[in-house]
Amino acid sequence: MKKLTIAMLLVFLAGITAFAQETRKKERPSPEERAQKQTEMMAKQLELSETQKAEILAINLENAKKREAEMEARKSEMDSRREQMKEQDEAIKKVLTEEQRAKWVELKEAKRDRREGRPRGEIRERSEIPHRKGGN
């Protein structure tokens, strides 16, 4: 019985360890690595000559660098937007009373919960959209 318990414990721990390793984020390859991999795939599938391969590598590398720069710009913009929202929230909290502040936090959490329950880009029927009082 003791051996069985130990064996089950070891299997359980091995499963947890494997799951923990899977949840780690993979490091994103560099633009050079992505361009090289894409070029090699194309060369294999399209039977490219060495000259074609070199030209396509240059094209893929240029585009990979552009995409990387665009992603960095988007990330920077999102960080800036988050900071602005945080500053706005702090300014609003300074104006509100303690009771209003608690209600404000509660309303924001309810809004976030509704948003998280819906897949991104979900299109709803008009009848499903809640109507506001006094609005169209």
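The values are calculated or read from the model by the stated rules, or taken from the named source; none is laboratory data. What you are looking at is a predicted structure, and each value in this text was computed from that prediction instead of being measured. No Cβ is skipped: glycine too gets one built from the backbone with ideal geometry, and neighbour counts run over all protein chains shown. Ligands, DNA and RNA are stripped out before the accessible areas are found, and what is left, the full protein with its side chains, is counted by its heavy atoms. Shrake-Rupley method; radii C 1.70, N 1.55, O 1.52, S 1.80 Å.
A count restricted to segment 31-43 and to residues that are loosely packed, with under 15 Cβ neighbours inside 10 Å and in contact (Cβ under 8 Å) with a residue 24 or more places away in the chain stands at 1. Would you confirm, using the coordinates I've provided, whether residue 116 is open to solvent by 100 Å² or more (accessible area, probe 1.4 Å) and at pLDDT 95 or above? Here the answer is no, as residue 116 does not meet what is asked. Checking each residue in segment 44-96 for being farther than 30 Å from residue 106 by Cβ, in contact (Cβ under 8 Å) with a residue 12 or more places away in the chain and open to solvent by less than 70 Å² (accessible area, probe 1.4 Å) picks out 53, 56, 57, 60, 61, 63, 64, 68.
Within the set 109, 68, the sole residue that is closer than 30 Å to residue 39 by Cβ, modelled with pLDDT under 95 and part of a helix (DSSP H, G or I) turns out to be 68.
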